[in-house]
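Enquirer: Next up is a structure, given as structure tokens.
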Amino acid sequence: MAEEVSKTLTDKLMNKLQGEQFVLLATVDAETGTPVVNAVSWVYAPDGKHLRVAVGHRSRMIPNVKTTPQVTVTVIGPDTTYSIVGKARISHEPLEGAQIKLAGIEIAVEAVHNVMFYGAKIVEEPRYVKTYDKEAADKLDRQVMEALKRW
């Protein structure tokens with residue numbers, strides 16, 4: 001059984017979620033009712049009780065959240081794997097300030113769980129690289145993160 005760490009984001013998680021970060025966002029599919037997991041990178045924690053996520057304006061996550069607002073965000077590291085459970089809502093549609101059409105999802109954190117299997121520790125966190133124009137990617141990332149911080 002998962003160990004509940006906190007009702008809010010820990011200091012370690014707050015620090016980790018201050019900029020672009022690989023996380024998994026689980027929603028319930030609005031049509032099939034099955035769980036769906038998406039990798040997202042535009043995530044920001046303005047405080048210990050909320051997460052903000054930017055997604056494409058046509059993402060299936062939008063109708064999923066509108067139909068069933070309960071979501072789970074999985075964060076790998078530091079040291080362990082965290083499951084952040086919360087209630088999501090589409091707060092900005094569209095999300096202003098980015099050169100592409102995005103929507104903003106705000107998640108009210110309800111609980112943080114340590115879901116790492118017994119006797120293990122994360123020693124290297126997931127890393128990724130953008131596979132398109134680096135300059136364009138950096139510009140877009142800055143725009144989106146600033147938009148997430150502004151609302």
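The values are calculated or read from the model by the stated rules, or taken from the named source; none is laboratory data. Since the structure is predicted, the reported quantities are computational estimates derived from the model, not experimental observations. Neighbour counts run over all protein chains shown; Cβ positions are idealised from the backbone, glycine included.
Enquirer: Pairs needed: first member in segment 100-113, under 18 Å from T81 (Cβ atoms); second member anywhere, modelled with pLDDT under 95 and of a type in the set (D, E); C-beta distance under 7 Å; at least 6 residues apart or different chains.
Expert: A111/E4; H113/E3; H113/E4
Enquirer: Condition check: at pLDDT 95 or above, farther than 22 Å from D11 by Cβ and touching a strand residue (DSSP E or B) at 6+ places or on another chain (Cβ under 6 Å). Does V73 satisfy that?
Expert: Answer is no for this residue.
Enquirer: Filter segment 124-151 down to the residues that are touching a residue at least 12 places away in the same chain (Cβ under 8 Å) and β-branched (V, I, T) and list them by number.
Expert: Result: V144, single match.
Enquirer: Give the residue that is nearest to the chain's Cα centre (by Cα), with candidates limited to residues of segment 114-123 that are closer than 21 Å to M14 by Cα and without any contact (Cβ under 8 Å) to a residue 40 or more places away in the chain.
Expert: M116
Enquirer: Among the residues that make up segment 83-95, is at least one of them crowded, with 17+ Cβ neighbours inside 10 Å, modelled with pLDDT of 95 or more, of a type in the set (S, T, N, Q) and within 23 Å of L9 (Cα to Cα)?
Expert: yes
Enquirer: Can you tell me which of S83, S91 is touching an Asp or Glu at 6+ places or on another chain (Cβ under 6 Å) and among the polar types (S, T, N, Q)?
Expert: S91
Enquirer: Same structure, new question: Give me the strands (runs of 3 or more DSSP E) completely within segment 27-69, filtered to those with at least 3 residues that are of a type outside the set (K, R), more than 26 Å from V5 (Cβ to Cβ) and modelled with pLDDT of 95 or more, ordered by residue number.
Expert: Filter on segment 27-69 gives an empty set.
Enquirer: Might you let me know whether segment 73-82 holds any residue that is touching a His at 6+ places or on another chain (Cβ under 8 Å) and assigned to a strand (DSSP E or B)?
Expert: Yes, segment 73-82 contains at least one residue that is touching a His at 6+ places or on another chain (Cβ under 8 Å) and assigned to a strand (DSSP E or B).
Enquirer: While we're on this one: Taking only segment 65-80 into account, find how many residues are out of contact with any Gly (no Cβ under 9 Å at 6 or more places or on another chain) and closer than 22 Å to I122 by Cβ.
Expert: Of the residues in segment 65-80, 7 are out of contact with any Gly (no Cβ under 9 Å at 6 or more places or on another chain) and closer than 22 Å to I122 by Cβ.
Enquirer: Could you tell me which residue of segment 105-151 is nearest to K66 (Cα to Cα), considering only residues that are among the acidic types (D, E) and outside any loop (DSSP other than H, G, I, E, B)?
Expert: Selected residue: E106.
Enquirer: Among the residues of segment 33-49, what is the count of those that are surrounded by 13 or more Cβ atoms within 10 Å (Cβ to Cβ), touching a strand residue (DSSP E or B) at 6+ places or on another chain (Cβ under 6 Å) and not polar (S, T, N, Q)?
Expert: So the answer is 7.
Enquirer: Related question: Take the residues in segment 1-32 that are more than 21 Å from V65 (Cα to Cα) and in contact with a helix residue (DSSP H, G or I) (Cβ under 7 Å, 6 or more places away or on another chain), then tell me which one is surrounded by the most Cβ atoms within 10 Å (Cβ to Cβ).
Expert: Selected residue: E20.
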